[in-house]
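A short write-up of the structure that comes next.
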Amino acid sequence: MDPAKRKEIASKGGRAAHAKGTGYEFTSDEARIAGKLSHAKTRLAAANVIASESSDSDVTTERQTAPHNSNFLGNSEAARAVRQRLELIAHTDKHILITGETGTGKTMVAELIHKLSRRHSRAFCSINCAAVSETLIESELFGHKRGAFTNAFDNRLGYFLIADRGTLFLDEVGEASPGLQAKLLRAIDSGRFNPVGSDRELTSDVRVLASTNVDLADALRSHKFRRDLYYRLFGLSLHMPPLRERMEDLPLLVEYCVNERARSFCDPVPFDGDAMQILTKHVWPGNVRELFAVVESALLLANAVGASSVSAKHIEFPLW
């Protein structure tokens, strides 16, 4: 830098900053601007890293998910009641607690609620609170600062920030630890949170959908789940009935699985009468998830031998 220029900066109380490797020296104002640009690039890089990690089945970020196909739910009285309530509450901006046994379709319903909501054009983020370790889940939700813990080599955005003005789905929230519950309460109640290792408070406008197959009444009585968090999540509720309570939907669900889900990996062939009779006599402890697994397995076996339809000999049930 020209000595006269350096003297002029000094007389005004400023400092010159050296740009490493260039031989150029910034003024203090230029250095501040460069710092802000560097910070913005870091945030953008972190966002791109997270958005690209869609291969992780436990933590996903999506904008388009399950198709809005009413046959997926069925036409039984129980299914119609779910569909009517879903369409009623999806257009509100309230948090929603989705309850039901494992495999009843809680994740699918959460996706449909997002697609029907006013936030449908924004991000839909999903995280399974039971599948991510306690040491990592806070980072996934709230982000972290570089150096906050071992292998935290870069700043990272959390899902509360990525889902800003969108929807965040907390699957199996009943499994959240007491410490995480307290931080979730603060983030949901005030929209404020701190990334791991940072004292900087961030804000976000997120609609939270939560699901659980845990009996929260028991969890509340045993103090395993916070009452204040429960009341915050229980803005509205939606209960998914088990498959055994709506068996008349089974033919539609089988048809949907054959024509939509299984088409990508095998030829769709119909189930004959004997095969359908076996399916209708089963108790289905795993609900719709188990049904789809059985149907897809039967289709693969039928395809393997070139059968024109799925018969009773192709039906195999998982061990329980």
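Here is how the numbers come out for the structure above:
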{"quantity": "Footprinting exposure proxy for TYR231, TYR159 (fewest neighbouring C-beta atoms within 10 Å first)", "calculated": "TYR231, TYR159"}
{"quantity": "Cβ crowding within 10 Å averaged over residues, with 289-296, 79-86, 304-311 ranked highest first", "calculated": "289-296, 79-86, 304-311"}
{"quantity": "The stretch 98-195: trypsin sites (Lys or Arg not before Pro) falling in loop per DSSP and having at most 16 other Cβ within 10 Å", "calculated": "ARG118, ARG146, ARG165"}
{"quantity": "Gyration tensor verdict on the stretch 86-233 (Cα atoms; rounded if a/c is under 1.5, prolate if a/b is larger than b/c, oblate otherwise)", "calculated": "oblate"}
{"quantity": "Residue-count net charge about VAL214 - beta-carbon cut-off 9 Å; Lys, Arg +1, Asp, Glu -1", "calculated": "-3"}
{"quantity": "Residue order, fewest to most surrounding Cβ atoms within 10 angstrom, among THR104, THR99", "calculated": "THR99, THR104"}
{"quantity": "Cα shape, the stretch 244-314, gyration tensor, a/c 1.5 rule", "calculated": "prolate"}
{"quantity": "Net charge over other residues, Cβ less than 12 angstrom from the Cβ of LYS281 (K, R count +1; D, E count -1)", "calculated": "0"}
{"quantity": "For the stretch 180-320, size of Cβ-based charge dipole, Lys and Arg +1, Asp and Glu -1, in debye", "calculated": "740"}
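Computed from the coordinates by the stated procedures, all read-outs in this text should not be read as laboratory data. Being a predicted model, the structure only gives us computed values, none of them experimental. Here Cβ is always computed from backbone atoms with ideal geometry, including for glycine, and neighbour counts include all displayed protein chains.
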